[in-house]
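Worksheet: the structure to be examined is printed underneath.
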Amino acid sequence: MAITETEEDKRARRWCSFIVFVFVGIPLFVVYVRYGQSIERPNIYVNSASVNPFAISNSTSPVTAKWNVTFLTAVWNFTFVIDNPNKKKIFMYFNGFDFNVTYGEDVLSSGSIEPFELKRKESNLINKIINTLPATISEQAAKRMEDELSRSNVVYFHITIKGVVSLDTEVPFMDGDLIIKTHCENLKMLFSSDGRAGKMLGPSKCQVKW
């Protein structure tokens, strides 16, 4: 025997739906508008960068004398500025970042940034020194860098940064981990006349995505 829904049952169901919407749906919508639409990404800058020494060399492969291998030896000094631009009570926990210094498709050096946290409108200044032991680079990249050095003493490098940021807000369901990918492109470095030391010409803001 089929159960027939009465008009009273229908009214009760509609009232239940309305009450759920008022006490659950509207508050969730307000929270989403307040936080979900306005959580800003962290700002990341390469505040300064230098390299000294910077040396490109060629050597015969120990495996076979027929192969020439190109090496880069360098000591990099970077200063990063990372800030939390949010005005609301949004805390950011940076769970450690890895970054690469690249030229074209070649990774010249790699480093990491230790975990830290930022309260709202707070910033952190981070200095990293990376000692690149003789690392293998492509012959094409070495030639392009040498050509740029001989032509203008200026070489453009790139930095990519990847890591996880944990958000801590006033609303538990808005909390969570986000993977961010950062590209710091065309870092213009002016080198000395002998090409062995370089310094970045001014700070550079990075592009941050999550």
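Tabulated data for the structure shown
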read-out: Single residue of segment 132-152 satisfying the filter (more than 25 Å from the chain's Cα centre (by Cα) and farther than 18 Å from Asn68 by Cα) that is surrounded by the most Cβ atoms within 10 Å (Cβ to Cβ); value: Leu149
read-out: Residue ranges of strands (runs of 3 or more DSSP E) in segment 72-164 with at least 2 members under 21 Å from Ser59 (Cβ atoms); value: 106-113, 123-137
read-out: Criterion violated by Ile129 - all others in (1) out of contact with any Cys (no Cβ under 9 Å at 6 or more places or on another chain); (2) surrounded by 13 or more Cβ atoms within 10 Å (Cβ to Cβ); (3) of a type in the set (Val, Ile, Thr) satisfied; value: (2)
read-out: Set Val155, Val165, Val208: member being in contact with a helix residue (DSSP H, G or I) (Cβ under 8 Å, 6 or more places away or on another chain) and surrounded by 12 or more Cβ atoms within 10 Å (Cβ to Cβ); value: Val155
read-out: Search result, residues across segment 113-160 that are closer than 20 Å to Gln207 by Cβ and among the hydroxyl-bearing types (Ser, Thr, Tyr); value: Ser123, Tyr156, Thr160
read-out: Scan of segment 196-210 for residues that are part of a loop (DSSP other than H, G, I, E, B) and more than 13 Å from Asn153 (Cβ to Cβ), ordered by number; value: Gly202, Pro203, Cys206, Trp210
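Bear in mind that the values in this text are calculations on the coordinates, not laboratory data. These figures come from a predicted structure and were not determined experimentally. Every residue, glycine as well, gets a Cβ built from its backbone with ideal geometry; the counts of neighbours run over all protein chains shown.
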